[in-house]
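For reference, the structure discussed in these notes is given below.
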Amino acid sequence: MSRSEDSQGGRRRRAGIAILAVALAAGAAAGLHWLREGRYREATDDAFVEGTMLLISPRVAGTVVEVPVQTNQPVRAGDLLARLDPADYQVRVQRARADLDAALNRMRAATAEAQAADAERVAARVELDRAKREARRVRGLFERGASSEQRLENAQAQRDAAQANVTALEQRAVAERAVLGNEAPVRQAEAALREAELALSYTRITAPADGVIGRKNVSEGENLAPGQPILALARDERSWIVANFKETQIHRMRAGDLAEVRVDAFPDRVWHGHVASVSPATGAQFALIPPDNATGNFTKIVQRVAVKIVLDGCEPPGQEADPEAAMRLPVGLSVRVSVRVESS
């Protein structure tokens with residue numbers, strides 16, 4: 001064998017040894033990293049950004065006359081989102097006010113009638129007392145023979161008539177007092193007015209919270225029914241992550257465990273957070289029709305459990321004027337989550 005061939009073989013051996021050394025070093029580093037960190041982490045890419053999405057719908061029926069907002073427009077709580085034609089509801093308010101006025105007038109009339117009945121009853125009692133005295137006087141004259149029987153009968157008839165008048169006026173006063181004591185018609189009219197005023201106020205559809213209009217499904221001139229979704233509002237709040245871990249990954253996971261989140265849309269940033277809670281059931285149990293494994297053939301499928309992760313910070317920090325902007329991510333973004341779990 002020539003000297004050149006020996007030299008080439010030596011170089012090959014040295015290269016092989018170097019490659020083997022690098023591979024061993026890489027394997028040792030990977031193993032050390034797994035011992036120190038990897039075995040304490042559970043990761044998944046089945047995770048998404050979540051937030052509060054409010055579906056805005058009218059509470060009363062009507063025709064849309066104004067829609068002052070556009071898709072992706074920021075709004076504040078109380079801002080006008082849409083307005084329905086208020087004409088019909090204004091008429092209802094006027095009718096309810098008229099009914100309330102009528103009920104109050106009936107109460108005032110009953111009060112006046114009761115007062116008048118009391119006054120007439122007092123006068124009737126005075127007349128009854130006079131008629132009783134007159135009847136006694138005439139009876140005394142009749143017994144002494146100084147008065148006729150007809151005059152006695154007339155005096156007694158006037159006494160009885162005065163007594164009947166007093167009784168009638170007392171019953172009338174009781175009836176008027178009963179009307180005054182029954183305030184149900186007034187309360188009913190007040191409730192009807194309040195209901196009409198509420199219906200009128202519902203013709204103005206306003207934002208229930210600060211946020212951004214995510215979807216607009218309404219235009220001027222449309223006839224809307226109560227409960228018909230017309231706008232979607234993404235609430236202005238911190239986003240959170242829902243990570244769907246395999247059932248074999250959650251046995252060591254606890255609330256408070258630190259998490260690292262990477263959002264596919266922002267690959268240059270890393271979000272830090274912590275586990276807020278673990279779902280009490282697998283996602284299959286929350287389905288519209290949960291599976292029933294007691295029927296048919298059974299095939300074992302690894303289940304997923306939703307874990308809520310709250311974001312605490314971002315690095316590098318966002319450059320936005322609002323320091324919280326980096327914590328408000330568009331809902332639905334795909335993310336990768338790694339949670340550091342306890343060793344036990």
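Every number here is computed from the coordinates shown, using simple stated rules; none is lab data. Please read all numbers here as calculations on a predicted model, not as lab measurements. Cβ coordinates were reconstructed from backbone atoms using ideal geometry, including for glycine residues, and neighbour counts include every protein chain displayed.
Search the structure for amide H atoms under 5 Å from the amide H of R328, placed 1.01 Å from N in the peptide plane, and list their residues when 5 or more places away or on another chain. So R328 has HN proximity to S239.
The magnitude of the dipole of the stretch 168-292, with charges of +1 and -1 set on the Cβ of Lys/Arg and Asp/Glu and taken from the Cα centre, is near 280 debye. Need the C-alpha centroid separation for the stretch 194-264 versus the stretch 65-83, integer Å. That distance is 16 Å.
Evaluating 6.51 cos²θ - 1.76 cosθ + 1.60 at θ = phi - 60° for every residue in the stretch 256-264, the Karplus couplings come out as x, 4, 6, 10, 10, 10, 10, 9, 4 Hz, glycine and proline recorded as x. The packing ranking of peptides 84-96, 276-288, highest mean first, is 84-96, 276-288, where packing means the average number of other beta carbon atoms within 10 angstrom of each residue.
Between amide H atoms placed 1.01 Å from N, distances below 5 Å from A82 occur with I205, all of them 5 or more places distant or on a separate chain.
Across the stretch 46-62, computed HN-Hα scalar couplings (Karplus, 6.51 cos²θ - 1.76 cosθ + 1.60, θ = phi - 60°) run 8, 8, 8, 6, 10, x, 8, 10, 9, 8, 8, 9, x, 9, 9, 7, x Hz from first to last residue, x flagging Gly and Pro.
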